[in-house]
1. Highest first, please rank the peptides 203-211, 137-145 by the mean number of other Cβ atoms sitting within 10 Å of their residues.
2. Dipole of the chain, Cα-centred, from +1 at each Lys and Arg C-beta and -1 at each Asp and Glu C-beta, to the nearest 20 debye?
3. Counting only C-alpha contacts under 8 Å and six or more residues apart, can you give the relative contact order of region 1-71 as a whole percent?
4. Can you compute the modelled spin-label distance between E203 and R170, with each label point 7 Å from Cα toward Cβ, in nm?
5. Kindly rank 65-71, 279-285 from highest to lowest mean number of other beta carbons found within 10 Å of each residue.
6. Restricting to DSSP H runs of at least four residues, report the calculated mean residue ellipticity at 222 nm for the chain, -39500 (n - 2.57) per run over all residues, nearest 500 deg cm²/dmol.
7. Report the gain in length on full extension from K272 to L11: 0.36 nm times residue separation, minus Cα-Cα distance, nm rounded to one decimal.
8. Working from Cα positions, state the angle (0 to 90°, nearest 10) between the long axis of helix 36-45 and the longest principal axis of the chain.
Amino acid sequence: MKGLSNAAATLCVIDEEAAAQRVDNFLLRELKGVPRSHVYRLLRSGEVRVNSRRVAATYRLQAGDRVRVPPVRVAVPAGERRGPPPAADRAFPVVYEDEAVLVVDKPAGVAVHGGSGISFGVIERLRAARSGPRFLELAHRLDRETSGLLMLAKKRSALTGLHAALREGRVRKQYLALVKGRFRGQGRRVTLPLRKYVTAEGERRVSVDADAGYSSSTVFDVERAVGPYTLVRATLETGRTHQIRVHLAHLGHPILGDDKYGDFELNKILAKEGLKRMFLHAARLELDHPITGERLVLEAPLAPELAAFLDFIAAPHGETL
């Protein structure tokens with residue numbers, strides 16, 4: 001640990017996916033590479049604030065909480081890039097934008113925000129590229145390896161409205177996933193109690209737990225069979241962490257390329273066939289604009305590498321995409 005950097009603190013707004021976890025576990029995940037002892041010192045010293053107040057390490061975060069994460073500098077692994085975040089945001093195609101809301105098509109492999117002060121996610125890169133907006137905050141999250149639609153707010157009132165809509169289930173979020181085996185059933189609702197925990201390595205995980213889990217619900221529809229796999233559309237009815245991934249793995253249809261809940265041996269074979277990432281894509285959003293009330297229906301096409309893999313898998317079986 002080398003001490004505090006001169007960079008500005010990061011303000012994280014907790015969404016439904018990140019809610020219910022302890023603040024110390026949240027920080028251990030966000031500040032990867034920072035010793036556990038230092039994380040607890042940050043909490044004790046008050047450098048970490050939740051809603052502008054000090055909290056104990058055992059405090060459980062709630063949706064809408066605003067967490068101030070202080071700038072922390074850690075040793076940089078050999079070969080890791082230093083310097084300011086990339087200025088260009090052309091890597092994030094804009095799907096929708098007005099004076100209050102920005103929706104981009106996030107590529108896989110990019111975190112939504114940096115976690116250690118030396119890595120730069122979507123929010124840091126957009127802020128660096130866009131000198132105009134004085135306010136730009138994430139409205140929700142996508143996993144690093146998930147591509148697709150990501151909402152940001154350019155006004156505080158828009159952020160509050162988006163959070164309320166997400167919390168109240170007024171945002172319809174649909175994902176496309178390619179899964180192992182032949183998935184059966186249209187409109188198949190899966191309801192399971194999910195519990196979040198953190199591994200000894202500080203990695204976030206989710207399990208099905210009938211005693212301590214929180215209710216979660218996803219509706220799955222079959223798009224088509226593709227060789228020995230199935231392309232499914234998942235509609236979220238709740239927004240728990242890793243919900244789609246855990247639901248599908250529990251059903252025996254893990255998402256191809258999932259490095260946390262997937263079929264690891266199959267993933268090795270798939271990597272040789274060209275699938276280097278998890279096949280999960282945030283494809284569609286339906287919501288009322290948080291300021292104007294206008295109905296927005298937004299879509300992002302499959303990422304090119306996912307579309308190419310579908311072509312590769314389908315071609316030997318004579319299927320039409």
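A short reminder: the numbers here are calculations on the coordinates, not readings from a lab. What you see is a predicted model, and the numbers here were worked out from it, not measured in a lab. Ideal geometry is used to build each Cβ from the backbone, glycine not excepted, and the neighbour counts take in all protein chains shown.
1. On the way: 203-211: 13.8, 137-145: 20.9.
Packing proxy ranking, top to bottom: 137-145, 203-211.
2. Values: 51 positive and 37 negative charges, 236 e Å.
Magnitude of the dipole: close to 1140 debye.
3. On the way: 107 pairs, mean separation 36.2, N = 71.
Relative contact order for region 1-71 comes out at 51 percent.
4. 3.8 nm
5. On the way: 65-71: 18.0, 279-285: 23.6.
Per-residue Cβ counts within 10 Å, averaged per peptide and sorted highest first, yield 279-285, 65-71.
6. So the calculated ellipticity at 222 nm is -6000 deg cm²/dmol.
7. Numbers: separation 261, 0.36 × 261 = 93.96 nm, distance 3.98 nm.
So the chain would gain 90.0 nm between K272 and L11.
8. 50 degrees
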